[in-house]
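Note sheet for the following structure.
The values are calculated or read from the model by the stated rules, or taken from the named source; none is laboratory data. Nothing here was measured: the structure is a model prediction, and the numbers come from that model. All Cβ positions, glycine included, derive from the backbone under ideal geometry; neighbour counts span all protein chains shown. When the accessible area is computed, the model is the full protein with side chains, heavy atoms only, and any ligands, DNA or RNA have been set aside. Shrake-Rupley method; radii C 1.70, N 1.55, O 1.52, S 1.80 Å.
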Amino acid sequence: YTVRFGSLERVPDLVVWPGSTQEVEAVVRLANEHNVVIIPFGGGTSVSGALQCPSNEHRMIVSMDMHRMNKIKWIDRENMLVCMEAGIIGQDVKRRLEAMGLTIGHEPDSLEFSSLGGWIATRASGMKRSVYGNIEDMLVRCTMVTSVGTIDRRVDVPRLSMGPDVQQLVLGSEGTLG
């Protein structure tokens, strides 16, 4: 509404389109060195208003658009696991997996626009949650780049019984941590 009928008080100063985790790490490292704010951008549905730039922010703001990170890296049919990049859009996941006789099982109302990274960052729930669960029930492993380093849980099992599970920090973080 504000874009069409009002005015935005603050917009990003720069948009970057990383194509890999290494490129994300490089941008975050530079932002850290130069005291720059990064706002991640996935599908742009922004139901929570997370894309709004704070009007009182005086530092440079960079929008990190994840659309280039849209690949399915591998599929393990035996264990029914798939490795995907954060910028992949829901309708593309659904279409690509269905072409192989598989399903993601996660279908939020915003499926056609929202991204995998957005689902994780918002703890998204889908229409088939009573069968497949919510995104946190499906997520086995993820990598998150933060200003102090990259967090990557190096096990491919859904549950750990030792120490805190850093993956729980990622779920629902709304892009505030990485």
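Okay, here's what the table says:
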{"item": "Calculated from backbone phi, Karplus (6.51, -1.76, 1.60) coupling profile of segment 34-45 in Hz, x at Gly/Pro", "result": "10, 6, 9, 7, 10, 10, x, 10, x, x, x, 5"}
{"item": "Linear extension gain, residue 71 paired with residue 99, 0.36 nm per residue minus alpha-carbon span", "result": "8.6 nm"}
{"item": "Accessible-area order (highest first, 1.4 angstrom probe) of the listed residues 96, 77, 4, 10", "result": "4, 77, 96, 10"}
{"item": "Distance (nanometres) between label positions extended 7 Å along Cα→Cβ at residue 52 and residue 150", "result": "3.4 nm"}
{"item": "Solvent-accessible area of residue 136 with every protein chain in place, 1.4 Å probe, in Å² to the nearest 10", "result": "50 Å²"}
